[in-house]
Structures are given as C-alpha cells and as structure tokens.
Amino acid sequence: AIVTGAASGIGKEIAREFLAQGARVAIADLNPDHAREAAKDLDPTGKLALAVAMDVSNEVQVERGVGQVADHFGAIDILVSNAGIQIVAPLETFKFSDWKTLLAVHLDGAFLTTRACLKHMYAAGSGSIIYMGSVHSKEASVLKAPYVTAKHGLEGLAKVVAKEGAAHGVRANVICPGFVRTPLVDKQIPEQARDLGISEEDVVKKVMLKETVDGEFTTVEDVARCAVFLAGFPSNALTGQSIVVSHGWFMQ
C-alpha cells in the first residue's frame, strides 16, 4: 500500500491500521525526515514500512517514488491518496497563487499518484484506490472555495477510475470524513474565529460540529477503519462510491 501524507494525522493512522492488518506500507510524505520518523515509529523492524519522499504535485517525484515502492515491495495493491493542505480565506480576497497551490496538492496529486499506480495495478489485474474526500465533497462551507472545489473533484475522478479500471480489476472509492481533530483542523479554528468574528469555542460548536448528531469530532481511527474496509472489499460491487464518515453531519 502507498499512503500519501502519511507522516501524520489521518494518513499515519491509516498506515498504522494497514500494518496491523498485515500490509506492507509506503509512508509517502512531502517531508522526508517526517516520513522516516513515522515509518520507524510504526514499524521499528524496518521491514514493513518504507519512507518515501514525495511532493504529490511534482510529476517526477511521484513517478520516482511509486517506482521505488514497486521495486521495494514487488507490487502496489492499494493507493490511499490522502495528502492535502488547507488555506482559509474569503473568496473575494483569495490569492490565485493559493488557489493553484491547493488544487495542485489535492487534484494534481490524486491524478499523478493514480496514473503512476495504475500501471502496476493493471499489470497485476487488481488494485484498490482510495481518495480522501471530505464532507466538503458533498457540502460547502464559507472561506474554503478551493478546498470544496477540490474535494468535489475527487468524486468525479474516482468515478472515472472506477469505470476505466473495472476491466483490470481496479476499484476506486472516496472516504468523506467530517471534521477530524488533526493539526490541519486545529490550525483552522483560530483562522475561522478571526475571519468569522466569533470565538474559537463557537467555531467548534457552531460551525464544525453543528450538524453532527452528537457534537463529536470524527476520529482518525474511524477513517482508518473505513480505509481498511474499502481496500479489502472483494468485488466491483463497491466501486465509484463515496462513504461519509461524519457523525451524521451529512447523510446521503
């Protein structure tokens, strides 16, 4: 399995759960030192987790990194396209450079890693690709124009990959978490409090968790369990789909 953005947060927990289920996992991350630290933490033996430096928006790095994983493990069965960033600002003042940066990580990264992995999956006649969407693949929030756009786009990509990949035994699905208390979300709380003119407590209660059934954050463990379920599903009965993991924030 290759998990991008796996040095921390959701990606690291998915890598941890895959390892617990017997997979060998490539910890792909923009920061090579963090990738090595995470790989050592998750697999002290050094046999099952491989650290890979990868800027998912860089075609050369993606092709090289995926090739490195294929050579090291002998196959690529699973891709979890998880790497992401967040930039929060009102649309009327949003910098075009920030817009392009965010879309490059989320959408270019998903495309480049998918294309690189499909070569190996098609040759093997099987594979599972999982995109890390969001409730924002279904809904919109203020201050998050490129993020919402990108997360909606991942659903379209997954559907195309599902249709093209079916003849080769490759499935593609999207996990759509609600708010997960990661450093990415922690960073957003004061930013949104500032931009919305409310307290940080109100950002959590009245913005982030307002629509949940129980006022609870989704956990990294929740998302990781869902990733294992999708990765191991045995047939094309579950492909081109999205699963919302959000404490009922969005119900489809």
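The values are calculated or read from the model by the stated rules, or taken from the named source; none is laboratory data. Given the structure is predicted, the values throughout are model-derived calculations rather than measurements. No Cβ is skipped: glycine too gets one built from the backbone with ideal geometry, and neighbour counts run over all protein chains shown. These accessible areas exclude ligands, DNA and RNA; they are computed on the full protein's heavy atoms, side chains included. Shrake-Rupley method; radii C 1.70, N 1.55, O 1.52, S 1.80 Å.
Tell me which residues, restricted to the stretch 199-240, are touching a residue at least 60 places away in the same chain (Cβ under 8 Å), open to solvent by 50 Å² or more (accessible area, probe 1.4 Å) and closer than 15 Å to P177 by Cβ. Selection gives E221, R225.
Of all the residues in the stretch 200-223, those that are in a helix (DSSP H, G or I), of a type outside the set (D, E) and more than 14 Å from S134 (Cα to Cα) number 5. Number of residues in the stretch 1-35 that are surrounded by fewer than 20 Cβ atoms within 10 Å (Cβ to Cβ), under 17 Å from the mean Cα position of the chain (by Cα), touching a residue at least 60 places away in the same chain (Cβ under 8 Å) and assigned to a loop (DSSP other than H, G, I, E, B) equals 1.
Within the stretch 148-189, being free of Cβ contacts under 8 Å to residues at least 40 places away in the same chain, in a helix (DSSP H, G or I) and not aliphatic (A, V, I, L, M) holds for H152, G156, E164, D186.
Checking each residue in the stretch 199-245 for being touching a Cys at 6+ places or on another chain (Cβ under 7 Å) and of a type outside the set (A, V, I, L, M, F, W, C) picks out only S242. Based on this model, can you work out whether A38 counts as of a type in the set (G, A, S), at pLDDT 95 or above, over 17 Å from the mean Cα position of the chain (by Cα) and buried (at least 17 other Cβ atoms within 10 Å of the Cβ)? Considered against the rule, which asks whether it is of a type in the set (G, A, S), at pLDDT 95 or above, over 17 Å from the mean Cα position of the chain (by Cα) and buried (at least 17 other Cβ atoms within 10 Å of the Cβ), A38 comes out as no.
Taking the numbered list (1) open to solvent by less than 10 Å² (accessible area, probe 1.4 Å); (2) closer than 27 Å to V244 by Cβ; (3) not in a strand (DSSP E or B) in turn, L79 passes all entries but (3). Of all residues in the stretch 241-252, those that are part of a strand (DSSP E or B), open to solvent by 30 Å² or more (accessible area, probe 1.4 Å) and either without any contact (Cβ under 8 Å) to a residue 40 or more places away in the chain or over 17 Å from K210 (Cβ atoms) (or both) total 2.
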